[in-house]
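Single-structure report; data block below.
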Amino acid sequence: MKRRAFITLLGGAAAGWPLAARGQQPAVPVVGFLSPASPDALAFTLRAFRQGLKDNGYVEGENVAIEYRWAENQIDRLPELAVELVRRRVAVIAVTGPTAAFAAKAATTTIPVVFVVAEDPVKLGLVASLARPGGNLTGTNIFTLELVAKRLELLRELVPGAARMAVLVTAANAETTVRDVEPAARALRLQIQVFNVNTIREIDAAFASFARERPDALFVTGDPFLNGRRIQLAQWAAFHRLPATYTGREAAEAGGLMSYGPSIKDAFRQIGVYTGRILKGAKPADLPVVQPNKFELVINAGTARMLGLDVPPTLLATADEVIE
């Protein structure tokens, strides 16, 4: 072979080496994220989810990709969106809320599913047990619905004269919330009126009706959409001088009167951690469902003063944080 021809051949082979090397590199794993809400509603919790992934060495855009599917509060879209993620052949599906969890469970029996739900996943039928979930689902239970009675008691202690209470729900949690709120309200001799709100305009319309009907207090359920609208809710409640209770401390920090519940951020960080562990080879059947061991009572004293409420010393003493 002539020297010039040999050099040309060698150069052509060298040009192909990077392509061959790239072809041998492992593909970046893809995680599916399925939610009944919209991206803006979960902005702060998504940061916690990504932090959980990062804790296991996975950074979005570097060594893991995330395919997002948002139902935009149209619950009937969840089964279709879950099937899309299965067809995409994602490695894990992270879901928020029971409706999304059931949609993912119906769509696949092989792809691992990591959930965050507000009630007992064993009673829901998502897992066989908390310690040994079995199947392809695991995750965290944030106890939001189980805390309904306690939240009502705390609100009644702060607003002892309350007799009529408005309850904000969404299509995703209406049935289960009403089921738990009604008996707890009866025990406290509270009359309740439920408002189903799934859009910003429906929230505005609900508060417009409050101006006419004048409920004594407001109970905001722990829903991703409502959590994402916490500033709007706190501002409307302040405008109507309506004492309100929320599930997450972020609402009290935004000006809401009080909140009681576990850390929503911790729950989303946990499903990020579990997603990362599964990407490394762990099986969901062997990962126990995580439950919070701490519930925070946060009172916004500035909002209480604006509403003309005197926070009882006993409530101040038990609060985890008082925002001045």
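None of the figures in this text is laboratory data; all of them are computed from the coordinates on show. Everything quoted here is computed from the prediction, not taken from an experiment. Positions of Cβ are backbone-derived with ideal geometry, glycine not excepted, and every protein chain shown enters the neighbour counts.
Numbers at a glance
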quantity	calculated
The chain: most fluctuating residue of Val92, Val114, Val83 per GNM, C-alpha cutoff 10 Å	Val83
Gained length - Glu296 relative to Glu67, 0.36 nm times residue gap less alpha-carbon distance	79.2 nm
Over the chain, relative contact order from alpha-carbon pairs under 8 Å, at least 6 apart, %	20 percent
In range of the label at Glu153: residues from the range 250-265 whose backbone nitrogen is under 15 Å from the point 7 Å along Cα→Cβ	260-261
Rounded tilt (10° steps) of 264-279 against the dominant C-alpha axis of the chain	20 degrees
Fewest-first ranking of Phe115, Phe44, Phe207, Phe219, using other Cβ atoms within 10 Å as the exposure measure	Phe44, Phe207, Phe219, Phe115
Percentage, to the nearest whole number, of Cα pairs in the chain over 30 Å apart	40 percent
Sorted by Cβ neighbour density within 10 Å, fewest at the top, the residues Lys283, Lys123	Lys123, Lys283
Cα centroid separation - the range 144-199 against the range 23-63, whole Å	34 Å
Angle between the chain longest axis and helix 174-187 axis [Cα atoms, degrees, rounded to 10]	30 degrees
Fewest-first ranking of Met258, Met306, using other Cβ atoms within 10 Å as the exposure measure	Met306, Met258
Assigned charges on the beta-carbon of Lys, Arg, Asp, Glu; the range 191-324 dipole about Cα centre (debye)	400 debye
R0 of 22 Å, Cβ-Cβ distance Arg212-Val178: FRET efficiency to nearest 0.05	0.50
Spin-label pair Ala43/Ala131, simplified geometry with 7 Å Cα→Cβ offset, distance in nm	4.3 nm
Share antiparallel - DSSP beta bridges, the chain, percent rounded to 5	10 percent
Shape call, the range 26-108: gyration tensor on alpha carbons, a/c limit 1.5	oblate
For the range 182-235: rounded, prolate or oblate by the Cα gyration tensor [a/c cutoff 1.5]	oblate
Cα-based helix-to-principal-axis angle, 78-87 vs the chain, degrees rounded to 10	20 degrees
GNM result for the chain, Cα springs below 10 Å: residue of Ala185, Ala217, Ala43 fluctuating most strongly	Ala43
Of Asn56, Asn293, Asn141, the one that fluctuates the most in a GNM where the chain has Cα springs shorter than 10 Å	Asn293
Computed E for Val30/Gln191 - FRET, C-beta separation, R0 45 angstrom, nearest 0.05	0.35
Counted charge near Ala171, where neighbours are those whose Cβ lies closer than 12 Å (Asp, Glu -1; Lys, Arg +1)	-4
Distance cut-off 17 Å, percentage of C-alpha pairs in the range 39-81 lying past it	44 percent
Neighbourhood net charge (14 Å Cβ-Cβ; Lys/Arg +1, Asp/Glu -1) for Thr275	+3
